[in-house]
Amino acid sequence: MKFPDIVAAVGHTPLVELASISPRPGVRLFAKLEGGNPAGSVKDRIARAMLEDAIAAGMLTPEKVILEPTSGNTGLALALLGRRLGYRVAVVLPDNVGPERQQALRAFGAEIIFSEGRYGSNGAILKAQELAAKDDRYFMPFQYANPANPRAHYETTAPEILADLGGEVDAFVAGLGTGGTLMGVGRRLREVNPQVKIVAVEPHPGEQVQGLRSLADGYIPPILDLAQLDAKFIVRSADAFAGARLLLEAEGIFAGVSSGAVLQGALRFAQRLERGTVVLLLADGGWKYLSAGFWTAPRTEFEQLSTGQLWW
């Protein structure tokens, strides 16, 4: 497939069947591999949409600096696309984020402003909002409340899935971060099949899975409508690590930690089906998590997969 530049290359990611992992013969699992985007994650889609909207509306002008709170992926996407479009980018990043993301952000030309890691993404949000309120040179797309976030998935991610599967999707499983992927893909899929199930995966309260957020932390993104979810699975970080290793060892898919959590949620949901097609979105690749160490940790630390907790 040919594109005029890297911005146009966002999306168009592969959908891969997980034939060896499905828990039931009648259930087919398909993984949407978003690590194939230019900056390496699903967030490339929303970054492009938010920037295009802001430029068209005159909100993002050449003298502005793009500022965004992030755990890494949205910042990377904004840094890469922002540089290509001619804008400076600054990100507010929890200081406990792995070195791979920090190095990539600097390589893409972003300025990093650290927030206290113990407060997670909520702390990064508060610090970014404070900075934007004090300095009008900043333009903050703010992925948590920007309608371009779910719209990007409605207009790109979901149509790609539907085209690849001929419209046959019975359930869609994704991690709960901003909520944009679940809301945008879910709305488009329901236009084709009103009975499709939209399933969210979030980390256990008090445990961190980079890229995901627990609603128990007290912040519900404005773009997230919980009434649109059919189920939500809570996954422990150890299970997310185990899921990421299972993807690599069973299917040869090198995916990030949040993808391991999503796999766990998809497997638990699939166990409740006699037959059907389940699509799970794997947000990024495993390259940014190498320093976490779980790839080479003894198998006994991750081989016990818990049954998890079902909400709804």
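Any read-out appearing in this document is the output of simple, stated calculations on the displayed coordinates, not a laboratory observation. All of these numbers come straight from a predicted model, not from anything done at the bench. No Cβ is skipped: glycine too gets one built from the backbone with ideal geometry, and neighbour counts run over all protein chains shown.
Some observations on this one:
- Within the chain, percent of DSSP bridges classed antiparallel, to nearest 5: 20 percent
- A straight Cα-to-Cα reach below 17 Å connects Lys134 with the aspartates and glutamates Glu63, Glu68, residues fewer than 8 places away in its own chain not being considered.
- Derived scalar couplings ³J(HN,Hα) [segment 70-86; Karplus, 6.51 cos²θ - 1.76 cosθ + 1.60; whole Hz; x for Gly, Pro]: 7, 8, x, 5, 5, x, 4, 5, 5, 5, 5, 6, x, 4, 5, 8, x
- Amide H contacts under 5 Å for Val235, placed H, 5+ residues apart: Glu202, His204
- Each label was represented as a point 7 Å from its Cα along the Cα-to-Cβ direction; for His12 and Ala163 these points are 1.0 nm apart.
- ³J(HN,Hα) computed for each position of segment 277-293 - Karplus, 6.51 cos²θ - 1.76 cosθ + 1.60, integer Hz, glycine/proline x: 10, 10, 10, 10, 9, 9, 5, 7, x, x, 4, 7, 10, 4, 6, 5, x
- In plain terms, the residue of Ile220, Ile125 with the fewest other Cβ atoms within 10 Å comes first and the most crowded comes last, giving Ile220, Ile125.
- Which of Gly186, Ser237, Val209, positive extreme of dipole for segment 179-255 (C-beta unit charges): Gly186
- Karplus-based coupling profile of segment 114-120, in residue order and whole Hz: 8, 10, 5, x, 5, 9, x, with θ = phi - 60° in 6.51 cos²θ - 1.76 cosθ + 1.60 and x standing for Gly or Pro.
- Relative contact order (%) - segment 124-262, alpha-carbon pairs under 8 angstrom, separation at least six: 22 percent
- Scattering curve values for the chain, log₁₀ I(q)/I(0), Debye with Cα scatterers, q = 0.07, 0.12 Å⁻¹: -0.24, -0.75
- Summarising the amide proton neighbourhood of Met140: residues at separation of 5 or more, or on other chains, whose placed amide H is nearer than 5 Å comprise Leu67.
- Rg over Rh for segment 43-139 works out to 0.95, using Cα positions for both radii and the Kirkwood form for Rh.
- Taking Cα centre as origin and charging only the Cβ of basic (Lys, Arg, +1) and acidic (Asp, Glu, -1) residues, the dipole magnitude of segment 43-139 rounds to 200 debye.
- Amide proton proximity set for Arg88, modelled H, under 5 Å, gap of 5+: Ile66
- Helical contribution to [θ] at 222 nm, DSSP H n ≥ 4, -39,500 (n - 2.57), averaged over the chain, rounded to 500: -10000 deg cm²/dmol
- Ranked by the mean number of other Cβ atoms within 10 Å per residue, highest first, peptides 59-71, 239-251 order as 239-251, 59-71.
- For segment 145-223, relative contact order (Cα pairs under 8 Å, six or more residues apart, normalised by length) works out to 35 percent.
- Over the chain, relative contact order from alpha-carbon pairs under 8 Å, at least 6 apart, %: 21 percent
- Here the chain is treated with +1 on each Lys and Arg Cβ and -1 on each Asp and Glu Cβ, and its dipole about the Cα centre works out to around 80 debye.
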